[in-house]
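Taking it in order: structure first as structure tokens, then the write-up.
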Amino acid sequence: MEKETILRCSAVTKNFKSEAGDGELKILQGVNLDVKQAEIAAIVGSSGSGKSTLLHILGGLDRPTSGDVFWHGESIYKHKPDRLAELRNQNVGFVFQFHHLLPEFTAIENVMMPALIKEVKFSEAENRAEELLERFGMKERLHHRPSQLSGGEQQRVSMARALTNHPSIILADEPTGNLDEKNTDTILSLLLQLREIENVAIVLITHEEEIAAKCDTRYTLQNGVLEGSETVL
């Protein structure tokens, strides 16, 4: 059975005005990308190649200059900002290199936040957050604030938060870029397990070839062009 296309990026371009104000910088040039259910796709490229810009556009955080992005076949940029934010909360989980955890809240409170924004019952949000944190080996750290957690632990909390609302896709921007080798291996292993546990697709931005080699498909972003997919597994 053909798997559903969860995310489609069609002819996306992104330009920025140059600092001198005398022209435009072409960051993305006609990018096309399809990601299917439970697929893990790696996008590699050098620093400044536009990987993070592309991820933000795929996640509805930034608008393309031209082109479109579709979630489950629906164009996302036809919506007003409030509706787009609602769709993003329901469909997409984000994991970043820097965790963006709220420092005044505990681990379990941080993980609950997307569900509470969605107006899920408090008890249901709490149960889901506890389940996820236990799955990521954080059972003893539920009530610790980010400042009391190691970098690897903070990234696990970030991953749990990304899964809170049962998204169909996770967008991960260099999620191991700020970790040592041991924590990198742990986080990568957990990310790869998500497909089996949650049936979730993952787009993983990385500059590390050894990480990309463990994904299903590999793309290279170079000079604003996303070069053809290469099946890894």
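Throughout, read-outs are computed from the coordinates displayed, never taken from laboratory work. Predicted model only: the values in this text are computed from it and were never measured. Positions of Cβ are backbone-derived with ideal geometry, glycine not excepted, and every protein chain shown enters the neighbour counts.
Scanning the chain for trypsin sites (Lys or Arg not before Pro) in DSSP loops with at most 14 other Cβ atoms within 10 Å, what's the longest stretch left with none?
The segment 122-233 is the longest one with no such site.
At 222 nm, what value in deg cm²/dmol follows for the chain if DSSP H runs of at least 4 each add -39500 (n - 2.57) and the sum is divided by all its residues, to the nearest 500? Walk me through the numbers before you get to the answer.
On the way: 7 runs with 79 residues, N = 233.
About -10500 deg cm²/dmol.
What value in Å³ per residue do you get for the convex hull of the alpha-carbon atoms in the range 123-208? Write down the numbers at each step before the final one.
Values: hull volume 8.0 nm³, N = 86.
Output value, Cα hull per residue: 93 Å³.
With axes computed from alpha carbons, what is the tilt in degrees of helix 122-135 against the longest principal axis of the chain, rounded to the nearest 10 within 0 to 90?
80
When the convex hull of the C-alpha atoms of the chain is computed, what volume per residue in Å³ does it have?
Cα convex hull per residue, to the nearest whole number: 141 Å³.
So what's the angle, to the nearest 10 degrees on a 0 to 90 scale, between helix 107-117 and the longest Cα principal axis of the chain?
The two axes meet at around 60 degrees.
Quick one: net charge of D62's neighbours, Cβ under 14 Å, K/R +1, D/E -1?
Numbers: positive: K14, K51, R63, R88; negative: D68, D173.
With Lys, Arg at +1 and Asp, Glu at -1, the neighbours total +2.
Taking H placed 1.01 Å from N in the peptide plane, check which residues at least 5 places from I40 or on another chain put their amide H under 5 Å from its amide H.
Long-range HN contacts for I40: I202, D216, T217.
If one takes the longest principal axis of the Cα atoms in the chain, at what angle in degrees, from 0 to 90 and to the nearest 10, does the Cα axis of helix 81-91 lie?
Approximately 60 degrees, to the nearest ten.
Taking the Cα centre of the range 175-226 as origin, sum charge times position over the Cβ atoms of Lys and Arg (+1) and Asp and Glu (-1), and report the length of that vector in debye to the nearest 20. Don't skip to the answer; put the middle values down first.
Values: 4 positive and 9 negative charges, 34 e Å.
The dipole of the range 175-226 has a size of about 160 debye.
Given an 8 Å cut-off on Cα distances and at least 6 residues of separation, report the relative contact order of the chain as a percent.
Relative contact order for the chain comes out at 28 percent.
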